[in-house]
Amino acid sequence: MRLAILLLPCLLSAQVVRTADPIKRGMKLTDIPRTVKVAENVYTYEDYHSGAEKFTTTNMFVVTNDGVFLADAQGSPEQTQGLVDAIHKITPKPIKVVIIASDHGDHTGGNSVLPPGITYYIHPNSKAILEGQARGWKPPADIKLVSDKETIHLGGVEFQVLFLGRAHTGGDLSVYLPKQKILFLSETYLNRVFPAMRSAYPSEWLKALDRAEKIDANLYIAGHGFTEDAAVSKEELHEYHKALKYVIDEATRLYQAGVPVDQAVKQANWGEYGSWTLAGSQGPIAVRKVYEELSGKLH
């Protein structure tokens, strides 16, 4: 597998196309997977999410004096092995800490190939989801729980693992590097990917994004979509916040007008967000989830 390593300042120009689609962005499909250096010893790794529409699942890893800190993995053993290989291309140091920032299979499905000796962290809600699934990766018995905030020090680097509230899932975690002012948001932030609500909490997701935008960060990293430079990442996080609110407001409008949900999924007008990756498949799911919340059935 080809493992490209790119420096963030060289990735983008003022003319960057704001999209999650690699072709529209001016890339070749073979440009992915890739490793992106975003700061000294801080990297993202991007590989394709499975499915017909091409967009990336993005992880963050940090190389410290005592080992590697990893936030999220990929969706299959083969892809996660690619992530491990990419880390080993940067450093021979072992992976010491892994944050399960999202419990979804596209972030945990390959965890079985992660090496031994890792300390895992997870939100209790995500732990329950993974333990209850019929198949897939199960959390180890000694996994550490993060219900609100956990500060981890590894090799002289401070990491703050944060629960900003239920959002894309019931247990989304984020990772903040206060010295570098970098915030990895995992699936709380989907860069130019239509808000995916299969297991979401719509109004709480908005509040989580409110909290994220108030954190003193210069660079925001999404769990899906490309790694951006600092200025673009701030703009895109704010744009995603606007997109989520627009989707919720549109579904709410239809609900309050008494439109049955089966008709609402056909009538919803997503405006400019209708061109975003996954809009066709995720729009109807979003309508149904907002209806579920408004009718008091979402707990």
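Bear in mind these aren't lab numbers, they're just calculated from the coordinates by the rules spelled out. Computed from a predicted structure; not experimentally measured. Note: ideal-geometry Cβ built from the backbone for every residue, glycine included; neighbour counts use all protein chains shown.
Miscellaneous remarks
- Cα Rg, Dmax (largest Cα-Cα span) when computed across region 129-209, Å: 14.2, 40
- Shown here for region 152-237: trypsin sites (Lys or Arg not before Pro) in loop regions (DSSP other than H, G, I, E, B) with at most 16 other Cβ atoms within 10 Å, namely Lys179, Lys181, Arg198.
- Mean separation of Cα contacts under 8 Å, 6 or more apart, over the residue count of the chain: relative contact order %: 15
- Cα-centre dipole for the chain with unit charges at Cβ (Lys and Arg positive, Asp and Glu negative), debye to 20: 160
- Taking 0.36 nm per residue of separation and subtracting the current Cα-Cα distance, fully stretching the chain between Val17 and Thr30 would add 2.9 nm.
- If you take the Cα centroid of region 51-66 and the Cα centroid of region 125-189, the two points sit 15 Å apart.
- Just checking the listed ones, Asp142, Asp31, Asp216: in the Gaussian network model of the chain with Cα springs under 10 Å, the one fluctuating most is Asp142.
- Once the convex hull of all Cα atoms in region 4-230 is built, its volume per residue stands at 119 Å³.
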